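A short worksheet on the structure shown next.
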Amino acid sequence: MTEIEYIRPPKADEKRPFARATKAAGLVFVSGISGGVAGTATEETQAALNNMKEVLEEAGTSMDRVVEVTLLITNSADYDEINAEYKKHFPAGLPARHTVRFGVPTTAKCGFACIALA
């Protein structure tokens, strides 16, 4: 049976009912993460990807081991600006990616989820 490790599980009083990441079967699955800042699409992308990097490192892996990313976006007009910043965070090569519109109440311009090798 595959063991599952929960990275930053929610506290009992938190509204979000999920861990920031789970680690199982040689993979790390990172939940959707926004930047937690109000700013330009570039600033929010940078902050969100830095937050994702922190979670990956806490799980024992890194951005260069990411194999798939989901871009969560609220306004398609920000797409090019987000992509320009996004590319800077994957200099060794861009992982597979798909893009979806945010479906939860948020003021964030973007967020990211990913799957990485452990």
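In the condition set (1) of a type in the set (D, E, K, R); (2) at pLDDT 95 or above; (3) not in a helix (DSSP H, G or I), E44 is compliant with all but (3). Scanning the stretch 12-37 for residues that are among the aliphatic types (A, V, I, L, M), more than 15 Å from the chain's Cα centre (by Cα) and modelled with pLDDT under 90 returns a single hit, A12. Within the stretch 1-37, being small (G, A, S), in contact with a Leu (Cβ under 9 Å, 6 or more places away or on another chain) and surrounded by 10 or more Cβ atoms within 10 Å (Cβ to Cβ) holds for A21, G32, S34, G35. Here the stretch 69-81 is the region considered, the condition is being touching a residue at least 12 places away in the same chain (Cβ under 8 Å), farther than 16 Å from K53 by Cβ and of a type outside the set (S, T, N, Q), and the residue that is surrounded by the fewest Cβ atoms within 10 Å (Cβ to Cβ) is Y79.
Restricting the search to the stretch 89-100, which residues are among the basic types (K, R) and free of Cβ contacts under 8 Å to residues at least 24 places away in the same chain? Those that are among the basic types (K, R) and free of Cβ contacts under 8 Å to residues at least 24 places away in the same chain: none in the stretch 89-100.
Out of everything in the stretch 82-100 that is in a helix (DSSP H, G or I) and open to solvent by less than 60 Å² (accessible area, probe 1.4 Å), what residue ends up being nearest to K53 (Cα to Cα)?
Start the filter on the stretch 82-100 by keeping residues that are in a helix (DSSP H, G or I), which leaves 82-88.
In the following step, the residues that additionally are open to solvent by less than 60 Å² (accessible area, probe 1.4 Å) were identified as 82-86.
Details: I82: 17, N83: 17, A84: 18, E85: 14, Y86: 12 Å.
In this case the residue turns out to be Y86.
Does T107 qualify as being within 20 Å of A38 (Cβ to Cβ), surrounded by fewer than 16 Cβ atoms within 10 Å (Cβ to Cβ) and not aliphatic (A, V, I, L, M)? Yes; evaluated as a whole, the condition is true for this residue.
Conditions (1) crowded, with 19+ Cβ neighbours inside 10 Å; (2) in contact (Cβ under 8 Å) with a residue 60 or more places away in the chain; (3) more than 20 Å from P10 (Cβ to Cβ), marked per residue:
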residue: A48; (1), (2), (3): yes, yes, no
residue: L56; (1), (2), (3): yes, yes, no
residue: T61; (1), (2), (3): yes, no, yes
residue: R65; (1), (2), (3): no, no, yes
residue: C114; (1), (2), (3): yes, yes, no
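Considering (1) in contact (Cβ under 8 Å) with a residue 24 or more places away in the chain; (2) not in a helix (DSSP H, G or I), the lone condition that G103 does not fulfil carries the number (1).
The values are calculated or read from the model by the stated rules, or taken from the named source; none is laboratory data. Since the model is a prediction, treat every value here as computed from it, not as a measurement. FYI the Cβ positions are ideal-geometry reconstructions off the backbone, even for glycines, and counts take in every protein chain you see. Areas reflect the complete protein model, heavy atoms only, side chains present, ligands, DNA and RNA absent. Shrake-Rupley method; radii C 1.70, N 1.55, O 1.52, S 1.80 Å.
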